[in-house]
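The structure under discussion appears below in the form of structure tokens.
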Amino acid sequence: SGGGLIWLSSATSVRFGQRSMLKADGLAGTQAQDKKGPVAGGGAGGQILVFLKGALQMEKAKAPVLSAKGGDIGCSSGTQGSAGGAGGGGFVGLHWTDRPGPVRLTTGSEPADHGAVTVETCGGG
């Protein structure tokens, strides 16, 4: 199934603690236990929407992760006559009503230092 929706709204600022994660990832596909039945593909990544007026504040130890990845493929070489695909990546949106403080967005493949938010929206594998 799909990743759903996470809606975070604040009239002031939002503070992420150490190792904070918001995940709206799609689930992996499934197949019948006997490998002869239908196969379901991976779920699509969901949406993460963050609306705030003030700054996005973070602890120094580790950057928060906002993830809306698609679910993995749900078939194997033993499945007869059917295949399920991977789910597509979702959407992560950050919206400020005032001018934001210094924030740097990175992908999961880059090292995230202090002041960075890691955003993951890739499709499943």
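The values are calculated or read from the model by the stated rules, or taken from the named source; none is laboratory data. Because the structure is predicted, anything quoted here is derived from the model rather than measured. Positions of Cβ are backbone-derived with ideal geometry, glycine not excepted, and every protein chain shown enters the neighbour counts. When the accessible area is computed, the model is the full protein with side chains, heavy atoms only, and any ligands, DNA or RNA have been set aside. Shrake-Rupley method; radii C 1.70, N 1.55, O 1.52, S 1.80 Å.
Evaluation of L66 against the conditions (1) modelled with pLDDT under 75; (2) in a strand (DSSP E or B) shows that the sole unmet condition is (1). Of all residues in segment 114-125, those that are modelled with pLDDT of 75 or more have Cβ atoms under 8 Å from Cβ atoms of residues that are part of a strand (DSSP E or B) and of a type in the set (F, W, Y), 6 or more apart or on another chain, in T121/F91.
Against the conditions (1) open to solvent by 50 Å² or more (accessible area, probe 1.4 Å); (2) at pLDDT 90 or above; (3) not polar (S, T, N, Q), R19 satisfies every one except (2). Within segment 28-53, the set of residues being part of a loop (DSSP other than H, G, I, E, B), surrounded by fewer than 18 Cβ atoms within 10 Å (Cβ to Cβ) and modelled with pLDDT of 75 or more comprises K53 only.
With respect to being at pLDDT 75 or above, polar (S, T, N, Q) and assigned to a loop (DSSP other than H, G, I, E, B), S1 fits the description.
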